[in-house]
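One structure is given below, encoded as structure tokens.
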Amino acid sequence: MMEHVRALLFDVFGTVVDWRQGVASRAGPFLARHSASAVDATLFADAWRKRYQPAMEAVRSGQRPFVRLDVLHRENLEAALAEIGIDAASIDPAELDELNLAWHRLDPWPDVLPGLARLRQKFIVAPLSNGNIILMLDMAKRAGIPWDAILGAEVVQAYKPTPQAYLRTVDLLGMRPEQVCLVAAHNNDLAAARACGLKTAFVLRPTEHGPQQTSDLQPEQAWDVVAGDFGELAGALGV
């Protein structure tokens, strides 16, 4: 079923990079500086991330024009700080901007770089992320993620899981949906891609949300490929 696939597009947050620990590692010192060291940095990362989907839904539903994810992350940061009693207006905006860049500086899971090096021998590899272009570029440059192109929401002006996010990206590649496979650790992302005609590969990330994770611990549909990590994915795809 995968013999005609030419390109692998990757969800990034959670699938390629460990956003929770990455954000927490940068939030911890910030919280300590602002007399909030008692706040668990990983729980703060969770609270910040919790606002991710509602913020994008305002764009998806047409309540506001498309804005890049950096803007939404910055707004969500101020709201998350308010929840723990920190008034963002009392903090130097440059310091908030610096913390917002935590999303640009996330580390890949250990299997990602060697797995992508194998996969790109046979396939075009690129992100299909809700992250904006400079976010993806900064992350890739810092971590050495070997993308062949930067694709995603800002390029096509549509956030996943709207069909336009997948179909416009496929069109940019000059391919048919069945020639493109989405790789993701999230069943809902894969379901939306499949509905658009893309092939699907589920990669398990059982600690994306920490040790007590309850979601996406198993494939919820018969995805075209199911793998435990990127190395296993490469093997399944014959690389």
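The values are calculated or read from the model by the stated rules, or taken from the named source; none is laboratory data. Remember, predicted model here, so these are calculated numbers, not experimental data. Cβ: placed from backbone, ideal geometry, glycine included. Neighbour counts: every protein chain shown. Please note that ligands, DNA and RNA were not included when accessible areas were found on the heavy atoms of the full protein model with its side chains. Shrake-Rupley method; radii C 1.70, N 1.55, O 1.52, S 1.80 Å.
Determine the shape class of region 102-149: with a ≥ b ≥ c the square roots of the Cα gyration tensor eigenvalues, call it rounded for a/c under 1.5, and otherwise prolate if a/b is greater than b/c, oblate otherwise.
oblate
Ignoring ligands, DNA and RNA, what percent of the accessible area of region 140-204 is carbon or sulfur (1.4 Å)?
52
Looking at the chain, what % of its DSSP beta bridges pair antiparallel, to the nearest 5?
Working: 1 of 19 bridges.
Taking every DSSP beta bridge with both residues in the chain, the antiparallel ones total about 5 percent.
Relative to the longest principal Cα axis of the chain, at what angle does helix 19-33 sit, 0 to 90 degrees, rounded to 10?
It works out to around 10 degrees.
Roughly how many Å is it from the Cα centre of region 15-54 to that of region 211-239, as a whole number?
One Cα centre to the other: 26 Å.
Using the heavy atoms of the protein chains alone and a 1.4 angstrom probe, what is the accessible area of the chain per residue in square angstrom?
Value for the chain: 44 Å² per residue.
When the distances between all Cα atoms of the chain are binned every 5 Å from zero, what whole-number percent does each bin get?
In order of increasing distance, the bins hold 1, 6, 14, 18, 19, 17, 11, 7, 4, 2, 0, 0 percent.
What is the magnitude of the charge dipole of region 85-239 about its Cα centre, with +1 placed on the Cβ of each Lys and Arg, -1 on the Cβ of each Asp and Glu, and no other charges, expressed in debye to the nearest 20? Before the final figure, lay out each step's value.
Working: 12 positive and 19 negative charges, 150 e Å.
I would put it at about 720 debye.
Roughly how tilted is helix 69-83, in degrees to the nearest 10 and between 0 and 90, from the longest Cα axis of the chain?
Tilt of helix 69-83: around 40 degrees.
Assuming a ≥ b ≥ c are the square roots of the Cα gyration tensor eigenvalues, decide whether region 23-138 counts as rounded (a/c under 1.5), prolate (otherwise, with a/b larger than b/c) or oblate.
Because a/c hits 1.5 or more and a/b fails to exceed b/c, region 23-138 counts as oblate.
Can you list the lysines whose alpha carbon is less than 23 Å from that of K160, not counting same-chain residues fewer than 8 positions off?
Candidates past the 8-residue exclusion: K50, K199.
Could you give me the percent of Cα pairs per 5 Å distance bin for region 22-78, shortest bin first, beginning at zero and ending with the bin that holds the maximum distance?
Pairs per bin, as whole percents: 4, 18, 24, 21, 13, 10, 7, 2.
How far is helix 133-143 tilted, in degrees, relative to the longest principal axis of the Cα atoms in the chain, given as a value from 0 to 90 rounded to the nearest 10?
90
Before anything else, pin down the relative contact order of region 81-207: Cα pairs under 8 Å, at least 6 apart, normalised by residue count, whole percent. If you can, show how the numbers build up before the last one.
Details: 147 pairs, mean separation 20.4, N = 127.
Taking the mean separation of contacting Cα pairs over the length of region 81-207, I get 16 percent.
Is the shape of region 135-239 best called rounded, prolate or oblate, per the rule: a/c under 1.5 gives rounded, else a/b larger than b/c gives prolate, else oblate, with a ≥ b ≥ c the square roots of the Cα gyration tensor eigenvalues?
rounded
Taking the Cβ-Cβ separation of Q212 and Y52 as r and a Förster radius of 25 Å, what is the calculated FRET efficiency to the nearest 0.05?
For R0 = 25 Å, the calculated efficiency reads 0.85.
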